[in-house]
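Down below is the structure, laid out as structure tokens.
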Amino acid sequence: MSIQPQPDRVIIFDTTLRDGEQSPGATLLVEEKLAIAHQLSLLGVDVIEAGFAVASPGDFEAVKTIAQQVGVLGGPIICSLARAIRQDIQAAAEALQQAAHPRIHTFISTSDIHLKYQLKKSRSEVMAIAQEMVAYAKSFVEDVEFSPMDASRTDPEFLYQILEQVIAAGATTINIPDTVGYCTPKDMAALIQGVQENVPNIDQVILSVHTQNDLGLATANALTAIENGVRQVECTVNGIGERAGNAALEEIVMALQVRKPHFNPYFGRPVDWDAPLTKIKTQEIYKTSCLVSQFTGIVVQPNKAIVGANAFAHESGIHQDGILKHRQTYEIMEAADIGLAENSIILGKHSGRNALRTRLQELGFELSEADFNKAFMRFKEIADKKKEMSDWDLEAIVRDETQIQVD
Ligand code: KIV
């Protein structure tokens, strides 16, 4: 499978098993990576970056196993990362041998600060290595992705030159990494526009972006890149990854779904066109998030957008009242959209009369107005001292404050 340049949807390149695994302490066993890869395939991602084959025997094995078992015909592209070094590219090619749709993703730093202190190489040396290694990767696979590492801090003229050369050498996807999460959305827009206007052969490839979250802007930057013509985004489930992590897959996908009329025109579609902008089966999002959290040991923060425990929970009385009257008063998507059974109303000190009455009715208690008033006053007294009121607390209130028999 090869993806045509400029598709009218966004290609989701999932790097949970590579950049995501670079989260401190997140090391995964081969079987765990395989289970996540199967789930990513069910979720509908286009590309799975399964690992960094040369990094360790375990990672080589993981890429190889995923290539064999998940990288089947009609399934996702399976990718391995490789530095622009022969040995890395050979390891990636070998691990990917049995994938129906293999991709080698090779990278080299291009910013002056990386060249001077890390690579200790000149721009012309880096240019020659990049060209040679892309051509070398191409001798193994048709699908070659190239990333100029630290692109967002690279001299734009050098960036344009190296991209033109690696495309001529055979790269099929050009990925622009904001490696240290330095860009603001305005910078990102300028970066992508600059690449499109100054790299003459850029139309021959898929343009991609890889946004890190150091300033909490990874998702915003990825969406801005999409508005500016990028057609592949690199992201991870739950936004895990090196340092502050990567753009979160679930945030990008749900933003594209919930705000489709906003994004459609960037793809040349009518505003009200219905076709989805990604191939993701959003009902698999929650399950995938739980699996990744369980295997990596990285707990999802409760207020995390889309998949956090509080993302569909309502605590304030005003919000609960609105939700009980019409969900869309305070919800822009439904819990069921991401595969969660239902939205929840959390009863606590901020809750109002409508929320309490509804819950009591759900528990089977029909209270007279006088009894309800007494119960509500007692509820507020107790809720002031507790984080959350359970059904057991409510039953106790009904037992103590009313004549109703509670079993
Ligand atoms: O952050 C980065 O620059 C990367 C590249 C290898 C894409 O992870």
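Nothing in this text is a laboratory measurement; each read-out follows from the coordinates by a stated rule. Worth saying up front: this structure is predicted, and the values here are computed from it rather than measured. Cβ atoms come from the backbone with ideal geometry, glycine included; neighbour counts cover every protein chain shown.
Taking label positions 7 Å along the Cα-Cβ direction at both ILE318 and SER293, the computed distance is 2.9 nm, reported to one decimal.
At 0.36 nm per residue, and after removing the present C-alpha to C-alpha distance, how many nm does the segment from GLN161 to LYS380 gain when stretched out fully? Before the final figure, lay out each step's value.
On the way: separation 219, 0.36 × 219 = 78.84 nm, distance 6.67 nm.
Length gained, GLN161 through LYS380: 72.2 nm.
What separates the Cα centres of the range 106-181 and the range 220-249 is a distance of 20 Å. Let a ≥ b ≥ c be the square roots of the eigenvalues of the Cα gyration tensor of the range 101-204; is it rounded (a/c under 1.5), or, if not, prolate (a/b larger than b/c) or oblate? Oblate, because a/c is 1.5 or more while a/b does not exceed b/c. Normalised by the number of residues in the chain, what is the relative contact order in percent for Cα pairs under 8 Å and 6+ residues apart? RCO, the chain: 14 percent. Once backbone amide H atoms are built at 1.01 Å from N, ILE176 has SER208, VAL209, HIS210 as its partners under 5 Å, excluding neighbours fewer than 5 places away on the same chain. Across the range 31-135, C-alpha contacts under 8 Å between residues 6 or more apart give a mean separation that, scaled by the residue count, equals a relative contact order of 23 percent.
Seen against the Cα atoms of the chain and their longest principal axis, helix 123-138 is set at about 80 degrees. Suppose we look only past 23 Å in the calculated P(r) of the range 291-407. What percent of the Cα-Cα pairs does that tail hold? Cα-Cα pairs in the range 291-407 separated by more than 23 Å: 38 percent. Send over the semi-axes of the range 186-330's equivalent ellipsoid, whole angstrom and largest first, taken as the square roots of 5 times the C-alpha gyration tensor eigenvalues. Value: 30, 21, 14 Å, ordered largest first.
Between 0 and 90 degrees, the angle of helix 86-95 with respect to the longest Cα principal axis of the chain falls at about 50 degrees. Here's how it looks for ILE108: its modeled amide H is under 5 Å from those of SER147, MET149, which are all 5 or more places away or on a different chain.
Taking the average, over residues, of other Cβ atoms within 10 Å as the packing measure, peptides 293-303, 246-256, 149-159 rank 246-256, 149-159, 293-303 from highest down. Here the convex hull built on the C-alpha positions of the range 319-374 has a volume of 90 cubic angstrom per residue.
Mind giving me the FRET efficiency for LEU42 and GLN403? R0 is 51 Å, r the Cβ-Cβ distance, nearest 0.05 is fine.
Numbers: r = 53 Å, r/R0 = 1.04.
Calculated value: 0.45.
If we count every other residue with Cβ under 12 angstrom of ALA137's Cβ, Lys/Arg +1 and Asp/Glu -1, where does the sum land? Don't jump to the answer; show the numbers that get you there.
Values: positive: ARG83, ARG86, ARG103, LYS138; negative: ASP88, GLU132, GLU142, ASP143, GLU145.
That sum, taken over residues with Cβ under 12 Å, equals -1.
Taking only the C-alpha atoms of the range 174-257, the Rg (one decimal) and the largest Cα-Cα distance, Dmax (whole number), read 12.0, 36 Å.
When the Cα atoms of the range 287-344 are enclosed in a convex hull and the volume is divided per residue, what value in Å³ results?
Numbers: hull volume 4.3 nm³, N = 58.
Hull volume over Cα atoms, normalised by residue count, gives 74 Å³.
A crude spin-label estimate for the pair ARG86 and ASP272, with each label 7 Å from Cα along the Cβ direction, gives 6.1 nm. Sequence-ordered 3J(HN,Hα) estimates for the range 226-235 from the Karplus curve with 6.51, -1.76 and 1.60 and θ = phi - 60° stand at 4, 4, 9, x, 5, 10, 9, 10, 9, 7 Hz, glycine and proline given as x.
A simple spin-label model places pseudo-atoms 7 Å from Cα toward Cβ; at ARG353 and ASP393 they are separated by 2.1 nm.
How much of the pair distance distribution for the range 82-161 lies past 18 Å, counting alpha-carbon pairs only, in percent?
Every Cα pair in the range 82-161 considered, those over 18 Å come to 40 percent.
Label zone (GLN193, point 7 Å along Cα-to-C-beta; backbone nitrogen cut-off 16 Å) within the range 249-279: 266. Normalised by 2.2 N^0.38 Å, where N counts its residues, the alpha-carbon radius of gyration of the range 1-158 equals 1.05.
Measuring r between the beta carbons of ALA370 and GLU331 and using R0 = 45 Å, the FRET efficiency lands at 0.85. Students often get this wrong, so check it: of LYS33/LYS287; LYS33/LYS64; LYS281/LYS325; LYS325/LYS349, which have C-alpha atoms separated by over 22 Å? Pairs exceeding the cut-off: LYS281/LYS325.
Using R0 = 25 Å, the C-beta based FRET efficiency linking GLU94 and THR27 works out to 0.65.
What net charge is computed for the residues neighbouring SER80, neighbours being all others with C-beta under 10 Å from the C-beta of SER80, Lys and Arg scored +1, Asp and Glu -1?
Details: positive: ARG18, LYS64, ARG103; negative: GLU49, ASP59, ASP88, GLU94.
Every neighbour counted, the sum reads -1.
Normalised by the number of residues in the range 127-232, the average gap of Cα pairs under 8 Å and 6 or more apart makes the relative contact order 27 percent.
Rounded to the nearest Hz, the phi-derived 3J(HN,Hα) couplings of the range 316-325 under the Karplus curve 6.51 cos²θ - 1.76 cosθ + 1.60 (θ = phi - 60°) are 6, x, 5, 5, 4, 4, x, 4, 5, 7, where x marks glycine and proline. Ranked by the mean number of other Cβ atoms within 10 Å of their residues, highest first, the peptides 122-131, 219-228, 322-331 come out as 219-228, 122-131, 322-331. From its DSSP helices (H runs of at least four residues, each -39,500 (n - 2.57)), the chain gives a residue-normalised ellipticity at 222 nm of -12000 deg cm²/dmol.
Sorted into 10 angstrom bins from 0, the C-alpha pair distances of the range 362-401 split as 30, 59, 11 percent.
Local charge sum around VAL10 (other residues, Cβ-Cβ under 12 Å, Lys/Arg +1, Asp/Glu -1)?
0
Over the chain, the alpha carbon radius of gyration divided by the compact-protein estimate 2.2 N^0.38 Å works out to 1.17. 3J(HN,Hα) along the range 353-368: 5, 4, 5, 5, 4, 4, 5, 4, 5, 4, 7, x, 9, 9, 9, 5 Hz, from the Karplus curve 6.51 cos²θ - 1.76 cosθ + 1.60 with θ = phi - 60°, whole Hz, x for Gly and Pro.
Cβ crowding within 10 Å ranks CYS79, CYS183 as CYS183, CYS79, fewest other Cβ atoms first.
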